[in-house]
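Below: one structure, written as structure tokens.
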Amino acid sequence: MQPYQREQLWFPCSLDILAWDDSFHALMLGDQMRMKAYEAAIKTAVKPGDIVVDLGTGTGILARWACEAGARRVYGIECNAKILDRAGIELARFGYGERFIGINALSYAVALPERADMIISEIIGNLGDNEDCARILGDARRRMLAPGGRMLPQQLATYLVPVSSMRLHRQVTDGVCHSVSRAQNISTLLGALGLNSPFDIYYDAILPRSTYLSPPQPARRFDFDQDSHATDYTLSLRFTASAAGTLTGFKGYFVAELCDGIVLDIEGSDHGDGRYSDSWKHAYLPLRQPLAVNKGDVIEVTLSRRAQNDTDSPFSCRYHWQATVRSTQSVERVPA
Ligand SMILES: C[S@@+](CC[C@H](N)C(=O)[O-])C[C@H]1O[C@@H](n2cnc3c(N)ncnc32)[C@H](O)[C@@H]1O
């Protein structure tokens, strides 16, 4: 039986990274889509003898695959001491204890004794940069990567699509939100973020294509081989409704190119063998006031992101979004 249902509201894991415990790591390790793509990419891209940085090593799974691919040394950087202990034990259990160097720190504070041939990481959120990957990887690339070194993932694109889901709207209104671990509570999270309304945050949810009111559009693109990307931005998108419905919010998702030819695309929602991601799900950006939409109407959304520069919560950022619907019916009614 699948524990996750479509259009079911889940705690936004990326908003509380420092509280991730074993239950969330277990979910990530069981996410077949994530695991298959990353294992294939690392075993394609890491070459024998490489010096590798595994940024955000967690339980050490990416580091283990890098060792299996022949890495000479892997620096596993992890800010969560408890989970890093697990990585050390795992790597030793697989016989890679000599090649794995665990470093318990936030990556910004790490100075390595040598530069790496490759930086591997999985610090992507379902909205692309909601775990602050652009800033973290920009800093790591500048300070830790050797000239000509490679980044995995190498590119990331975020997409948005307007959706109609009264089921999700009701769950946000009623405060019905599932969580992976007991430590996750929406009211506590809102309080910690200084927010009052449950409509001021995004959620994790699986949104099938049947909820779309138009085709998705790319919102933001990151090339991790390139120099820095702005962490604060405002973007606007226009969609033409391909169906009538009630706009309740937007679905956000990412497509990542891990290495040449290996793409991780979390848009899908089909349960079954690796065809959707249950650790990421999708991001649901709710609207407090649902809006009626007719086919052909123009839906406009403005999304802004602001980094918080909060030393207690180094990943923290805020997204704001607002939408308008412009009816084109009067134009359509003009006789040809
Ligand atoms: C999504 S988990 C992935 C863990 C593991 N690499 C895997 O694939 O299963 C990301 C991990 O990176 C850590 N992390 C994120 N940003 C970090 C940073 N800038 N410095 C150190 N650790 C970081 C988090 O604590 C978390 O354990």
Legend entry - Failed condition for residue 218, given (1) without any contact (Cβ under 8 Å) to a residue 40 or more places away in the chain; (2) closer than 30 Å to residue 24 by Cβ; (3) part of a strand (DSSP E or B): (1)
Inset, instruction - Of all residues in segment 85-106, count the ones that are within 16 Å of residue 52 (Cβ to Cβ) and near the ligand (Cβ under 9 Å from one of its atoms). - result: 2
Legend entry - Condition check for residue 113: in a loop (DSSP other than H, G, I, E, B), farther than 26 Å from residue 262 by Cα and not assigned by TED's automatic domain parsing to the domain that holds residue 262: yes
Inset, instruction - Being aromatic (Phe, Trp, Tyr) and within 11 Å of the ligand (Cβ to nearest atom) is the filter here, so list the residues in segment 5-33 that pass it. - result: 20, 24
Inset, instruction - Among the residues of segment 84-124, write down those that are of a type in the set (D, E, K, R) and surrounded by fewer than 13 Cβ atoms within 10 Å (Cβ to Cβ). - result: 93, 98, 114
Legend entry - Given (1) over 17 Å from the mean Cα position of the chain (by Cα); (2) closer than 23 Å to residue 152 by Cα, number of the condition residue 28 does not satisfy: (1)
Legend entry - Near pairs, Cβ below 9 angstrom, 6+ apart or cross-chain, from segment 131-152 (over 27 Å from residue 306 (Cβ atoms)) to any residue that is part of a helix (DSSP H, G or I) and away from the ligand (no atom under 12 Å from the Cβ): 149/141; 150/45; 152/45
Legend entry - Within segment 1-106, helices (runs of 4 or more DSSP H) holding 1 or more residues that are assigned by TED's automatic domain parsing to the domain that holds residue 255, at pLDDT below 95 and touching a Gly at 6+ places or on another chain (Cβ under 8 Å): none
Inset, instruction - Please enumerate the residues belonging to segment 274-326 that are acidic (Asp, Glu), under 24 Å from residue 242 (Cβ atoms) and exposed (fewer than 14 other Cβ atoms within 10 Å of the Cβ). - result: none
Legend entry - Residues satisfying the stated conditions in segment 40-62, i.e. of a type outside the set (Val, Ile, Thr) and more than 10 Å from the ligand (Cβ to nearest atom): 40, 41, 43, 45, 47, 48, 49, 50
Inset, instruction - Go through 223, 265 for me and flag whichever is in contact (Cβ under 8 Å) with a residue 24 or more places away in the chain, assigned by TED's automatic domain parsing to the domain that holds residue 319 and surrounded by fewer than 21 Cβ atoms within 10 Å (Cβ to Cβ). - result: 223
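The values are calculated or read from the model by the stated rules, or taken from the named source; none is laboratory data. Keep in mind that what you see is a predicted model, and the values were worked out from it rather than measured. Cβ: placed from backbone, ideal geometry, glycine included. Neighbour counts: every protein chain shown.
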